[in-house]
Every structure is written in C-alpha cells, then in structure tokens.
Amino acid sequence: MKSMYERATKVMPPVANRATTLGVINSEDYYLYTEDGRKILDFASGVAVNNLGNKNKKVVEAVKEQLNTMIHVGHNVVYYESYVALAEKLVELTGGDTMVYFSNSGAEVNEGALKLAKYITGRPGIISFKNSFHGRTIGCCSITGSSSAYRKYYEPLMPGVYWADYANCYRCPFGKEKCHCNMECLKQFDSIFHKLIDPACIAAMIVEPVQGEGGYIVPPKEFLQGLRRICDKHGILLIYDEIQTGIGRTGELFAYQTFDVKPDILTSAKALSGGIPLAALIAKKEFMRKWPAGAHGGTFGGNPLACAAALKTLEIIEEENLLDNCKTMGKYLMESLYSLQEKYTDIIGEVRGIGLMCGIEFVDEQGNPDGELASYIKKKALEEGLLLLTCGSDHNVVRFIAPLTVTEKEIDQAVLIIDKVIAEK
Ligand SMILES: Cc1ncc(COP(=O)(O)O)c(C=O)c1O
C-alpha cells in the first residue's frame, strides 16, 4: 500500500512539502501515531500550536458542545456567545484597555495590524526587522526578512518597508560583545531616521519579542524597552507579532508580559485555540475605536468552534497552572541543553531560550552556522522517535517546542535521544 507521503506528492505541489514524510493517523498528548505503527514524541507541537499537547480532551469536549448549537453563523451577520466571551476574556487578560478583532491565521492578523497602524496614523512607512517571519501573504512577505525564498519572484512587494537589525547578541550584527555593546541595535534608528525615512512618516514598527523562524533569538529586555521609547518619541505604533511567542510559550500568557514592555498592537494565532484556526488582533482601545466598519473584515474569523476552543484553552492554562509549568520545565530543559553544550562544545555554538521556546544553534569548526548538521540531527532524532523542527535563516537551529504540559520524563527522553544522535554522528 502506498504511504500518505507517496499519495500526497502525486496530487500536491512541492510548495506543500512537509518537514518530514510522516503519515499520522492519531495524536494524543505528547505523541503522534503513524500509519506504519510508530509512536513519536512530538516536540514540534504542529509548529507551536498544540501548547496543551495533542488533541486536548477538555478542548475536544468544548468543541463538541459548541457543535450542538452552531458551526457558523457569521460574525458579519450576528453576535454569538463564544465570540463575545472570548473577546471579553482577551481584553481582561491584556489589561482591560484593549479591544479585539478575530481572523483565521497569523498572516491575516498581521495584515490587519499593518492596516490598522496605517489607518490610525495616516502614515505610509513600516519598520521591520531582518531575520523576522510574519507570514506568507504579499503584505506579510513584504515585512518578512528571514529568507529571500519567501519573497522570490513576488516583487514588487508592499512599498514603504524599512529594515532594522534585530538584537542577536550571539551574532551581533554590529560586531559587538554582549554587555559591552552600547546598544548599537537601538542607535541604528538615528541613522535610519536620518538617511532613509523621517520618523514622522512611519506608521508602525513590527517586531517579534522573540524571533521564531529566524532562529529562536531572545533579545535583551533593554532592546524591547528601547524600541518602546523610540516609538513613543515619534508617534510610531509598536506591533508585537506574538503568533509564536503567545499563549504561554515564553512563561507568561504573552511575551510582552515576560519582558514587561507593552505594545500598542498585538497579534496572536497558532496556540490560541487548541489547534482550530483562529487569530486575534488585540490593540489599544483608543486606536480600535477609530477603525470604522468596512475598513477591515473577513468571512470566517472568530468561528464559533474556534472561539469555544480558545475559551477552553485559556481556562486550562489558568486552572492547570501551565505558565508555572512552562517556566519550571523550560528551566529544566535549558539546564539539560547546557549540559549537552558542555559535552559538545565544538558543534553547539549556543543554547538559548525563554520558557519553553528553546533552541540549540549548531556551528562548524569556524563557528559558522551549520545547517547541514542541524538537519542531520533532526533526521536522526526522528528515526529514534523524536520529532523536532529547525529554524534560523541558515536552518542551523534545532528548536524544542514542547507542549506547556510537558514533564521531566518527556524532556529526559528527548535530551537522551539528542545526546545519542550527536554522539553517534
Ligand atoms: C511569528 C510568526 N508570525 C506569523 C506567522 C504566520 O502565521 P500563519 O502561518 O498562521 O499565517 C508565523 C508562523 O509561523 C509566525 O511564527
């Protein structure tokens, strides 16, 4: 019998190629079950979606209950309980001075964030960061700076985008040493504003509080504080793309709470709703109130099933103290990864992370990014029953996206596999 992979490649284009060739027939908690009878420890979490583990039972029940009343009635047409209640909950969780608009995907809410910022300020320019990832629409490709592959042949993209360097202290774009750097990453804006675009022409700065696809790069808090100051000084709106960092991944519900630096606009998707597509654009009330009917929209955003799943997801995170578990298990994982780094100093350039957003950067003898090695480790780990993903512009960072429910047992199992795979290489 043909595998799902063989069948899929006959009917789907290469653009739909997967990170693996696994055909999955069931999923539960920490594990995926494949068509060829394998049980795989899932540290990919559907790319940071399954923060409660696979197919969380309480979420399943909440969705079933919602199914009994409605599947789709149209948020453009009527109001319904799960939609309003979820907006109320998200406003409460983001300080009470916000409003919420629902869409379906990360890219879609980032589009919304750009449109809102342009609408409110009446300004054309956007500042984005090299190494960033914000999605696949034309607007989002225009502000994505982690790979030219995302942009190839799609030019001309949205005009008015200006690029800044992100605070990557391991590979400082300004050639500085951590703690002796004078924060050149903040000073760069003097030059951008002087030579490229006047700050009065910039609507927004969009930034991931921790860069995800760009390599799990955790910036110093001072960087995010500095961006906030610069935006305030020039009336620029600060957008946090929390599509990967949000819903507990960094140890607080949103990374802005982890870093204690609040944006004007926040985008959330991925883990928001237990695996059912949903995205939220959350922004300060003073801006949202000025965004009139018709200026933005969509048919499916805020689907009843997705909203019910999101309400249950947020409830579970609170009731089961998953933010605490994320911090504790994140620390435990980081300590295990530091031990690996001590053992394999020649190939592990850096171990970094915050909460359960952790990665290992693999390097060659000269300390250059070694994407081939990272791919090899990922492939061999899968053969041993551990699913991991890579990230980074050079694909040389192996990332660990464990669910927030993870225990020491699964972390030990994963680290043991990585250790074995590196030792046998
Ligand atoms: C930080 C970030 N922004 C935006 C997106 C795009 O989200 P979606 O794939 O749901 O459009 C992603 C997806 O990986 C992401 O990690």
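A few notes on this one:
- log₁₀ of I(q)/I(0) at q = 0.11, 0.23, 0.24, 0.25 Å⁻¹ - region 1-88, Debye sum with one point per alpha carbon: -0.52, -1.09, -1.14, -1.18
- The calculated Kirkwood hydrodynamic radius for region 288-425 is 17.2 Å, given to one decimal from all distinct C-alpha pairs.
- Simple point charges give the picture: +1 on the Cβ of Lys and Arg, -1 on the Cβ of Asp and Glu, and for the chain a dipole about the Cα centre of about 1080 debye.
- Global size of region 191-280: 14.1, 45 Å for Rg and Dmax (C-alpha atoms, Rg to one decimal, Dmax whole).
- Carbon plus sulfur fraction of accessible area for region 175-332, probe 1.4 Å, in percent: 51 percent
- Overall size of the chain from C-alpha positions, given as principal axis extents largest first: 59, 58, 44 Å.
- Dividing the summed helix terms, -39500 (n - 2.57) for each DSSP H run of n ≥ 4, by the number of residues in the chain produces a 222 nm estimate of -11000 deg cm²/dmol to the nearest 500.
- What separates the Cα centres of region 365-420 and region 1-56 is a distance of 17 Å.
- Based on the Stokes-Einstein relation at 4 °C and a viscosity of 1.567 mPa s, and on the Kirkwood radius from alpha carbon pairs, region 73-197 is assigned a translational diffusion coefficient of 74 µm²/s.
- Accessible area of region 171-235 divided out per residue, in Å², using a probe of 1.4 angstrom: 48 Å²
- Mean sequence separation of contacting Cα pairs (under 8 Å, at least six apart), scaled by the length of the chain, corresponds to a relative contact order of 21 percent.
- In order along region 296-305, the Karplus-derived 3J(HN,Hα) couplings, from 6.51 cos²θ - 1.76 cosθ + 1.60 at θ = phi - 60°, round to 7, x, x, 7, 8, x, x, 4, x, 5 Hz, and Gly and Pro are given as x.
- Hull shadow area, averaged, region 171-210 [alpha-carbon convex hull, nm²]: 3.8 nm²
- Of the peptides 61-69, 106-114, 133-141, the ranking by mean beta-carbon count within 10 Å, highest at the top, reads 106-114, 133-141, 61-69.
- Interchain or long-range residues, amide H under 5 Å from A204's placed H: I127, L237
- E384 long-range amide H proximity, modeled H, under 5 Å: none
- Note that region 1-136 presents 53 Å² accessible area per residue, ligands and nucleic acids not counted, probe 1.4 Å.
The values are calculated or read from the model by the stated rules, or taken from the named source; none is laboratory data. Source: prediction; values computed, not measured. Every residue, glycine as well, gets a Cβ built from its backbone with ideal geometry; the counts of neighbours run over all protein chains shown. Ligands, DNA and RNA are excluded from the accessible area calculation, which covers all protein heavy atoms including side chains. Shrake-Rupley method; radii C 1.70, N 1.55, O 1.52, S 1.80 Å.
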